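**Q** Below are the structure tokens for one structure; questions will follow.
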Amino acid sequence: MPSARTPAGRPVKTSRIELRASEDDRELLDRAATALGTDRSAFLLAQGRLAAQRVLADRERFLLSEEAAQEWERINSRPARTLPGLARLLERPSPFSQQA
């Protein structure tokens with residue numbers, strides 16, 4: 001469900017995030033925000049979003065070119081191969097299970 005938006009199209013901010021920081025960290029963040037011409041909250045939110053997107057990028061979606069997407073579909077459409085060695089391995093008892 002998409003976030004509610006203001007008449008100007010910006011997301012409505014309804015949640016508060018608080019954090020503790022040392023004075024040195026606060027000053028560093030303030031200097032960085034000023035260097036980008038924004039305030040601390042906008043800076044932290046923007047940079048936090050970028051960091052979160054980087055962390056989750058390979059867990060949420062894959063961006064492929066049209067050619068790569070076609071190749072992905074081709075590979076995933078192939079029937080599964082029979083692997084006799086894997087079948088034998090899976091038939092063996094696990095070395096990690098307790099045996100009676």
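The values are calculated or read from the model by the stated rules, or taken from the named source; none is laboratory data. Predicted model only: the values in this text are computed from it and were never measured. Methodologically, a virtual Cβ is constructed for each residue, glycine included, from the backbone with ideal geometry; neighbour enumeration extends over all protein chains shown.
**Q** Could we say that A87 is part of a helix (DSSP H, G or I), hydrophobic (A, V, I, L, M, F, W, C), more than 22 Å from the chain's Cα centre (by Cα) and at pLDDT below 95 here?
**A** yes
**Q** Residues to consider are R74, R54; find the one that is part of a helix (DSSP H, G or I), of a type in the set (K, R) and under 21 Å from the mean Cα position of the chain (by Cα).
**A** Working: R74 fails: under 21 Å from the mean Cα position of the chain (by Cα).
The unique qualifying residue is R54.
**Q** List pairs: first in the range 12-27 and more than 13 Å from R40 (Cα to Cα), second charged (D, E, K, R), Cβ under 9 Å, 6+ apart or cross-chain?
**A** Close Cβ pairs satisfying both conditions: V12/R5.
**Q** OK, next. In the range 36-80, how many are surrounded by 10 or more Cβ atoms within 10 Å (Cβ to Cβ) and not hydrophobic (A, V, I, L, M, F, W, C)?
**A** Residues meeting the conditions: 11.
**Q** Moving to a separate point now. Collect the residues in the range 1-49 that are under 22 Å from the mean Cα position of the chain (by Cα) and in a helix (DSSP H, G or I), keeping them in residue-number order.
**A** Once the filter is applied, which keeps residues that are under 22 Å from the mean Cα position of the chain (by Cα) and in a helix (DSSP H, G or I), the range 1-49 yields S41, A42, F43, L44, L45, A46, Q47, G48, R49.
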